[in-house]
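Let me begin by presenting the structure, written as structure tokens, before commenting on it.
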Amino acid sequence: MNFPRGSASQFQPAKFEERGTAVAFTTPALSQARARMDSRDNLELTVAAFSGVKGNYVIRWKDVPEIFQLTMHDRALQEEIFKKNSCLPPDVRMATLETARTGLAGPEAQKSAEEAITEEENEILLTRYFLFKTALERLSGGQMNLHVSDFTSTSGRDRIRSGLGEIAKKLGTNANELYDRLERWGLFIAPLGMAGMPKESRLRRLISGITNLAQSLNHWADTDKSEAADLARGIARVAYFTEDFARDLAAASVRPVEYAERVLSNWEKATETLQRDISRLWWTVDGWEFILLLWKDAEDRDRDAQRAAVTEIYRVLPIIPDKEAANRPNLAAMQESTRMQVRALEGWNSGSLDIEMVRRVENVKRKRI
């Protein structure tokens, strides 16, 4: 395979934006390749070197279809991301769902995407309800009584607005503007959700899943006698580090609810912090859904299949970049856990292409957390 417009280089990103966002391509050679922006704000793709060396190919986004034989799904996904011209994790995820719901990745992926989009809409609705309820109870002294149904009809939303007048005056704005600020705030934190919601939102589920993965892999490594056991322990260390980092960001993202009056009265300045914290959380957990699903698929299989899964997980492990975690304890130990080299989609002990692993990876990408 030739890379006429790409370049292979050591890949040690210092920031999340340099690391990029994992893309759910179904073409085996592009498994968990990452989209990012170049110095001119054009999309590019980083692909792990195939020879097993520690490096990545960096390819212009528009050249990807010329270099790789893409499936119909991947061609559509590549075009959808190109149209959005964004490598932010929520934007890449939405492009992935919109492509999957066309059916190009099969009926199972189509159904999963439709369910995920519906679930996201419900998370936004519930988060807004809990945010409005919590914030307005504080601001009104418990005088406002809200119901979820108020957010599903025009008359309900109008009723809420009509009760915001006095609160809005105290905050130096008007009822419509206050409602819009709360609505936007709810949209920002919907992927994380609010305390008291009947079901965890997506990012909280991922954080919990990363914790469970670390525990599972440590237990598995204690009973395995192959070299894959060391890889599993390394993955677990990275997972614990990531989970701890993510929980701190999650707490920072919802903490402003405790001082809602200050946030809502200084909205323009406050939104910068709100968006920054939730954005960093998205970047932190990016790429982990695939890993969680791959291990879940392997847990009930034989040892060789599990070792192959561990090897593939280790290869695509998302490491928090240096500058993002510079002040965190145990950073050096976590980085040391990723020094070993493995090759893409090869048998854990054979060095040849693992066709069964390729099939399982394709199957995993049809599912979701």
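The values are calculated or read from the model by the stated rules, or taken from the named source; none is laboratory data. Just so it is clear, the model here is predicted, and its values are computed rather than measured. We place every Cβ from the backbone using ideal geometry, glycine too, and count neighbours over all the protein chains shown.
What to note about this one:
- If you go through region 174-196 and keep only what is free of Cβ contacts under 8 Å to residues at least 40 places away in the same chain and either of a type in the set (K, R) or in contact with a helix residue (DSSP H, G or I) (Cβ under 8 Å, 6 or more places away or on another chain) (or both), you end up with N174, A175, N176, E177, Y179.
- Options L77, L131: the member that is buried (at least 20 other Cβ atoms within 10 Å of the Cβ) and assigned by TED's automatic domain parsing to the domain that holds R36: L77
- Each residue in region 167-196 was checked for being among the hydrophobic types (A, V, I, L, M, F, W, C) and loosely packed, with under 15 Cβ neighbours inside 10 Å, and 2 pass.
- Boolean, K296 is basic (K, R) and within 23 Å of the chain's Cα centre (by Cα): yes
- Pairs with Cβ under 6 Å, 6+ apart, first in region 213-239 and at positive phi, second surrounded by 20 or more Cβ atoms within 10 Å (Cβ to Cβ) and in a helix (DSSP H, G or I): none
- Hits in region 276-288 - residues which are in contact with a helix residue (DSSP H, G or I) (Cβ under 6 Å, 6 or more places away or on another chain) and not in a loop (DSSP other than H, G, I, E, B): D277, I278, R280, L281, W282, W283, T284, V285, W288
- Within region 263-278, the only residue that satisfies the criterion of being hydroxyl-bearing (S, T, Y) and either within 12 Å of R184 (Cα to Cα) or loosely packed, with under 13 Cβ neighbours inside 10 Å (or both) is T271.
- Scanning region 289-321 for residues that are assigned to a helix (DSSP H, G or I) and charged (D, E, K, R), we see that the one that is modelled with the lowest pLDDT is R315.
- Flag if T223 is among the β-branched types (V, I, T), touching a helix residue (DSSP H, G or I) at 6+ places or on another chain (Cβ under 9 Å) and surrounded by fewer than 16 Cβ atoms within 10 Å (Cβ to Cβ): yes
- Qualifying residue in region 212-226 (condition: at pLDDT below 95, under 30 Å from W295 (Cβ atoms) and acidic (D, E)): no
- Scanning region 63-96 for residues that are over 26 Å from T284 (Cα atoms) and among the hydroxyl-bearing types (S, T, Y) yields one hit, T71.
The rows are residues; the columns are (1) of a type in the set (A, V, I, L, M); (2) assigned to a helix (DSSP H, G or I); (3) touching a Leu at 6+ places or on another chain (Cβ under 8 Å); (4) not assigned by TED's automatic domain parsing to the domain that holds I278.
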site	(1), (2), (3), (4)
S155	no, yes, no, yes
D158	no, yes, no, yes
A168	yes, yes, yes, yes
G172	no, no, no, yes
Y179	no, yes, yes, yes
R184	no, yes, no, yes
F188	no, yes, yes, yes
M194	yes, no, yes, yes
